Amino acid sequence: MIRLYLSVFLLILLSSCSKDFLKRYDDRIEGGEWTIVDIDRPNGGSFDRLPFREGDRFTFYDDGTTRYVPKAGGIYEGTWDIIKKWNIRTEARVNTLTVSAADFMTQDVRAGYFDEIRFTGTNRFVGYMYDGWRVFKFRFRR
C-alpha cells in the first residue's frame, strides 16, 4: 500500500513540474521579453566595449528574428542564432548565442556573440562573453 501511495505521489509531483529543461535551447529562448538584469566582470575590464547594457531588452522570435530595445532608447531589428560548439576555455560542448540588430532610423548596428549560454531556470539564463582574459557574465530574466 505504501508503494502505491509513493508511486501516485511521485507521478503527481513529476507531472506538475516544469518540463523546460527537456526543450531545445532554441525553443526555450523564444517567447516573451528578456531583460539584461546584471552584468558581472569578475576578471575586470571596462563595460565601454560591450554591445549591450543592463536594462536592455530582447525578444527572440521563432523565425530567427529579434527585436532589441536598449535602455537608452531606439528599436533595433535583426537576427539571432543558437549553435552548439566546442568551447576551448571550458573543454565542453556548449550552446552559443549570436545576436545582430540594426536601428534603421539611425543606421546604428549592434552585434554580440555569447561564447556560452546556460539556462538557470524557466525564465532565466546566463550568457558569457569572453574578451581575451576577461569574462563578462550577463544575467537575463524574462
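Considering R49, R53, R67, which residue is over 21 Å from E30 (Cα atoms) and surrounded by fewer than 18 Cβ atoms within 10 Å (Cβ to Cβ)?
R49
Which condition number in (1) loosely packed, with under 15 Cβ neighbours inside 10 Å; (2) in contact with a Ser or Thr (Cβ under 9 Å, 6 or more places away or on another chain); (3) of a type in the set (D, E) is the one that D62 fails?
It is condition (2) that D62 fails.
What are the residues in segment 42-93 that are free of Cβ contacts under 8 Å to residues at least 24 places away in the same chain, closer than 19 Å to R134 by Cα and among the β-branched types (V, I, T), if any?
Across segment 42-93, the qualifying residue is only I88.
Output the residue which, of all residues in segment 109-124 that are in contact (Cβ under 8 Å) with a residue 40 or more places away in the chain and not small (G, A, S), is nearest to V94 (Cα to Cα).
Only one residue tops the list, namely I117.
Counting residues that are of a type outside the set (S, T, N, Q) and at pLDDT below 95, which strands (runs of 3 or more DSSP E) fully inside segment 43-142 reach at least 1?
76-87, 92-103, 108-121, 124-131, 134-141
The values are calculated or read from the model by the stated rules, or taken from the named source; none is laboratory data. Note that the coordinates shown come from a computational prediction; the quantities given were computed from them, not determined experimentally. When we count neighbours, we look across all protein chains shown, and the Cβ atoms used for this are built from the backbone with ideal geometry, even at glycine.
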